[in-house]
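Have a look at this one before I ask anything.
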Amino acid sequence: MVDLDVDYATALLAAVLLGVGFVLQQYTAEKEPDSRFLSPRILTDLLRKPRWLAGIGCMIAGYVLSAWSIGHLELSLVEPLLTTYLLFALLLAVPMSRQAFRLPEIAGAVILCTGVALLSSTRSTKPIGLSFGSFSHWPAAAIIAAVAFVAVQFGHRRKGQVRASLTGLGAGLVFGIQDALTRQTLEVLQGNSISVLFSTWSAYALLGAGIVGVWLMQNAFSAAPLHASLPAIAAGEPTAGIVLGIVVFGDRIQISPGMLAIEAGGIAALIVGAVAVARSSAFSGLRKITSHLPGTPPDGSAPPEDPDPARERKVHDPASGGAER
């Protein structure tokens, strides 16, 4: 019983770290200019920002703890617990944006987490080490990656919140693939030393998915306030994880009138919760802070440089009758 309590606490701590990490990353990525959208430069620039690095550190720690949770709890329990990072992100965004708590936003995050819980409860998962997860079942991940690619491309043609939401959805789907690859990698580690990771494809695929997911997430964060992208990430990640759990790892969906009703309710809760959180004034308030930092234009881009720095500026001297000097 004590071990189970520790496992639950670990999953919740992972959610806290993820929520804090996402807010800190978006707080910095918000200032990136539109010209860097889907450019590698967005990451090379952010790597020089201490606040963003702190956010990445929190996120990595959160994913390490979530990997531990996946290995010690059923996914039907882990996924709803991890999705509560949306609540913790809200709790941090409120004081940072100097906005007041609003019940609809908190209720929306709770509804979204409930939707994940309902969807997860309708399937029976196999413990780590008992699911098949062979390479032949992984084309499903390629299909999900293609859906993510299409979403990001559509987002590229849009601006503002639509771009952030579609890119966030793409990032969430990639993170869902990453979760499944984490599960596959944990299975490989069963009864083997850590050195086996250097000779297994899933470890390299996990690293690649993580890099792509982080890159897409920063692009989503830079496009609009956090309320436009984070709900899409929070909805896309468990959805992809559930699909891959069924197709790749043999998780079973219980089909009955009652279970179908629960699944429909879970999907509806995901949509309603994402829309409610998307209207959060706390998340949108973060943009007001970043866009009013000294020397930062209202759009959050870098201040324009003087095309001729050596040129002497002319000013009017009232004492000399308006003569220029």
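For every other residue with a beta carbon closer than 14 angstrom to the beta carbon of R157, add +1 if it is Lys or Arg and -1 if Asp or Glu, then tell me the sum. List each step's numbers first, then the result.
Values: positive: R158, K159, R163; negative: D34.
Charge balance in the 14 Å sphere: +2.
Select from the range 157-203 those trypsin sites (Lys or Arg not before Pro) which occupy a DSSP coil region and have at most 11 other Cβ atoms within 10 Å, ordered by residue number.
Details: sites: R157, R158, K159, R163, R183; in loops: R157, R158, K159.
Of the trypsin sites (Lys or Arg not before Pro), the ones in loops of the range 157-203 whose Cβ has at most 11 other Cβ atoms within 10 Å are R157.
L38 versus L207, label points 7 Å from Cα toward the beta carbon: distance in nm?
2.7 nm
Continuing with this model, one more query. Pop the C-beta distance of V6 and H156 into the FRET formula with R0 = 30 Å and round what comes out to the nearest 0.05. Can you show the working numbers first?
Values: r = 44 Å, r/R0 = 1.46.
That gives a FRET efficiency of 0.10.
Once phi is turned into θ = phi - 60°, what whole-Hz ³J(HN,Hα) does the Karplus curve with 6.51, -1.76 and 1.60 give for every residue of the range 150-165, x standing for Gly and Pro?
With the stated coefficients, the range 150-165 comes to 4, 4, 5, 5, 5, x, 4, 8, 10, 10, x, 5, 5, 4, 5, 5 Hz.
Bear in mind that the values in this text are calculations on the coordinates, not laboratory data. Everything numeric in this text was worked out from a predicted model, so none of it was measured. Because the Cβ atoms are built from the backbone with ideal geometry, glycine has one as well, and the counts that use them run over all protein chains shown.
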